[in-house]
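The values are calculated or read from the model by the stated rules, or taken from the named source; none is laboratory data. A quick note: this is a predicted structure, and the numbers were derived from the prediction, not measured. Every residue, glycine among them, receives a Cβ derived from its backbone with ideal geometry; neighbour counts consider all protein chains shown.
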């Protein structure tokens, strides 16, 4: 445990160097209209909300870059052999890797807040930052679990969210058992379509659903690391 | 002690549907203090056997235990000095950076880290490459880096898969010296290699695998004196006393020297040699035509 904690700064550095730069470029490019003033800002506009919505709009892409192949790359490229011949626990190692990815994701978002303050005007997305946390936890955990199983984890993760949304329209959960089952099985992305943490009052059932779904996906990912030997060919 | 008990391992693929049996009913024991070799042709199951010993793979049938513990549990508690057949290290890491990282994971204390890494770099002759990125290393230097990271900790289990692959003759010899230096009563050293000469020099016992099965286990220590040996005799020139000294000696065809194959027990061969020299024969060289291991290997594979 102590050994792994000592290794955490290096894990973080790897993710910042190999993924952070790409994430920053993507975030800047997707926010360019706002940063360059192409999106007119009304005098009475809630600038914080505008910034928050822009950042939330870039989140899915950034989460994909932060977490794709987070386990799978070590397995496919064979890095796991030297790593896990050392006296460390792979489950804790990948938990740390996920935390490092989260820190990188939020660091990029903070840089974007700073950039917005310099180029446009100082603003804080407020409660919308909690939405970003929820997005990372949910989408990141789904990709994390998929990362041990498939190669194109980010694409399949994205597909699961889109499918979940479509299936809820085809089989509304209120109308059939099948609809209820699909709603439980697919990621609850629809709960993030509207603010999960609105100023008017939080629906804690929704928060628990998102958190619970993410926790289960994360636990599945860790269980796969624990119980499926890493040398098993995919 | 490492125990493989009736271990079988299969690889399955869905497209096309196929099952490959990599190991079949393997039972063997490797004792502490032993240097244990694993030999076999390509696809014989050497790397699978190592993967099972490290817990990177799980057997379909049978059990693998290290000191009574499951391999993964043992490795996570104690670590293993492991060099894999393919040295896979992130290519953007520098040599020193990679070794520092692995030393952290190996549990080397922070106050000792710089010294331990420095000594390891010196020991494996990587000083001039220490600032290079992994992607800039040649095959041989990458192999040395792999070996260096394996030897960062004082593990009681050393597993080396094709350790001299890509090494030049100088470093192959140095590697052998390193392995000799690693020998310890409480340590197991496992070496998988195609190179029978290397295993003969380093290992106490060698398991010969063929198509996933343990074909035979050979001790590389001295042969029993009565065992028939196959030697090769190189002469200065033809001599009439040869057939009397070594009945049944066969001339090696197409040899550039005057060379004969002779067979017999060690005592008979010595007596024959003494007689031939006494009769005025001139011998340039007298050496085993095949090592015991090589002979066992060929026999195990059904080759002459």
Residue that is nearest to residue B:134 (Cα to Cα) [pool: residues in the stretch B:62-75 that are crowded, with 18+ Cβ neighbours inside 10 Å and in contact with a helix residue (DSSP H, G or I) (Cβ under 8 Å, 6 or more places away or on another chain)]: B:71
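Return the only residue of A:21, A:38, A:27 being on the phi < 0 side of the Ramachandran plot, within 19 Å of the chain's Cα centre (by Cα), more than 12 Å from chain B (Cβ to nearest Cβ) and without any contact (Cβ under 8 Å) to a residue 12 or more places away in the chain. I'd like the intermediate steps shown before the answer.
Values: A:38 fails: within 19 Å of the chain's Cα centre (by Cα); A:27 fails: without any contact (Cβ under 8 Å) to a residue 12 or more places away in the chain.
Checking each option against the conditions leaves just A:21.
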Within the stretch A:197-234, the count of residues that are farther than 21 Å from residue A:67 by Cβ, more than 14 Å from every other protein chain (Cβ to nearest Cβ) and touching a helix residue (DSSP H, G or I) at 6+ places or on another chain (Cβ under 7 Å) comes to 2
Residue list for the stretch A:180-202, filter: surrounded by 14 or more Cβ atoms within 10 Å (Cβ to Cβ) and not in a helix (DSSP H, G or I): A:186, A:187, A:188, A:195, A:196, A:197, A:202
Which ones in the stretch B:195-210 are at pLDDT below 90 and part of a loop (DSSP other than H, G, I, E, B)? B:195
Out of B:81, B:44, which single residue is within 22 Å of the chain's Cα centre (by Cα) and modelled with pLDDT of 95 or more? B:81
Given (1) away from every other protein chain (no Cβ under 11 Å); (2) touching a strand residue (DSSP E or B) at 6+ places or on another chain (Cβ under 7 Å); (3) on the phi < 0 side of the Ramachandran plot; (4) touching a residue at least 24 places away in the same chain (Cβ under 8 Å), index of the condition residue B:45 fails: (3)
Among residues belonging to the stretch B:127-143 that are part of a helix (DSSP H, G or I) and within 14 Å of chain A (Cβ to nearest Cβ), point out the one that is surrounded by the fewest Cβ atoms within 10 Å (Cβ to Cβ). B:135
Among the numbered conditions (1) more than 21 Å from residue B:300 (Cα to Cα); (2) more than 8 Å from chain A (Cβ to nearest Cβ), tell me where residue B:106 comes up short. (2)
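From B:101, B:123, B:111, grab the single residue that is surrounded by fewer than 19 Cβ atoms within 10 Å (Cβ to Cβ) and either touching a strand residue (DSSP E or B) at 6+ places or on another chain (Cβ under 6 Å) or within 21 Å of residue A:3 (Cα to Cα) (or both). Reasoning before the result, please.
Working: B:101 fails: surrounded by fewer than 19 Cβ atoms within 10 Å (Cβ to Cβ); B:123 fails: either touching a strand residue (DSSP E or B) at 6+ places or on another chain (Cβ under 6 Å) or within 21 Å of residue A:3 (Cα to Cα) (or both).
Answer to the selection: B:111.
Show me the helices (runs of 4 or more DSSP H) entirely contained within the stretch A:74-164 in which 2 or more residues are at pLDDT 95 or above, within 14 Å of chain B (Cβ to nearest Cβ) and touching a strand residue (DSSP E or B) at 6+ places or on another chain (Cβ under 8 Å).
Values: elements: A:80-83, A:90-119, A:128-147.
Hits in the stretch A:74-164: A:80-83.
Would you be able to say whether some residue in the stretch B:246-260 is in a helix (DSSP H, G or I) and either out of contact with any helix residue (DSSP H, G or I) (no Cβ under 7 Å at 6 or more places or on another chain) or closer than 29 Å to residue B:38 by Cβ (or both)?
Within the stretch B:246-260, the first condition is being in a helix (DSSP H, G or I), and the residues that meet it are none.
Checking the stretch B:246-260: not a single residue is in a helix (DSSP H, G or I) and either out of contact with any helix residue (DSSP H, G or I) (no Cβ under 7 Å at 6 or more places or on another chain) or closer than 29 Å to residue B:38 by Cβ (or both).
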From the option list B:168, B:161, B:156, B:177, single residue qualifying as more than 11 Å from every other protein chain (Cβ to nearest Cβ) and under 24 Å from residue B:76 (Cβ atoms) is B:156
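May I ask you to say which residue of A:137, A:119, A:142, A:65 is surrounded by fewer than 18 Cβ atoms within 10 Å (Cβ to Cβ) and in contact (Cβ under 8 Å) with a residue 24 or more places away in the chain?
Working: A:137 fails: surrounded by fewer than 18 Cβ atoms within 10 Å (Cβ to Cβ); A:142 fails: surrounded by fewer than 18 Cβ atoms within 10 Å (Cβ to Cβ); A:65 fails: surrounded by fewer than 18 Cβ atoms within 10 Å (Cβ to Cβ).
Just a single option satisfies the conditions, and that option is A:119.
This table checks each residue for (1) part of a strand (DSSP E or B); (2) closer than 19 Å to residue A:10 by Cα; (3) within 10 Å of chain A (Cβ to nearest Cβ).
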residue: B:65; (1), (2), (3): yes, no, no
residue: B:77; (1), (2), (3): no, no, yes
residue: B:86; (1), (2), (3): no, no, yes
residue: B:96; (1), (2), (3): no, yes, no
residue: B:102; (1), (2), (3): no, yes, yes
residue: B:112; (1), (2), (3): no, yes, no
residue: B:115; (1), (2), (3): no, no, no
residue: B:119; (1), (2), (3): no, no, no
residue: B:125; (1), (2), (3): no, no, no
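Suppose we filter the stretch B:272-303 for residues that are farther than 26 Å from residue B:241 by Cβ and out of contact with any helix residue (DSSP H, G or I) (no Cβ under 7 Å at 6 or more places or on another chain); how many remain? Explain how you work it out, then say what you get.
To start, the set of residues in the stretch B:272-303 that are farther than 26 Å from residue B:241 by Cβ comprises B:291-303.
If we keep only those that are out of contact with any helix residue (DSSP H, G or I) (no Cβ under 7 Å at 6 or more places or on another chain) as well, we get B:292, B:295-296, B:298-303.
Going through the stretch B:272-303 one residue at a time, the tally reaches 9.
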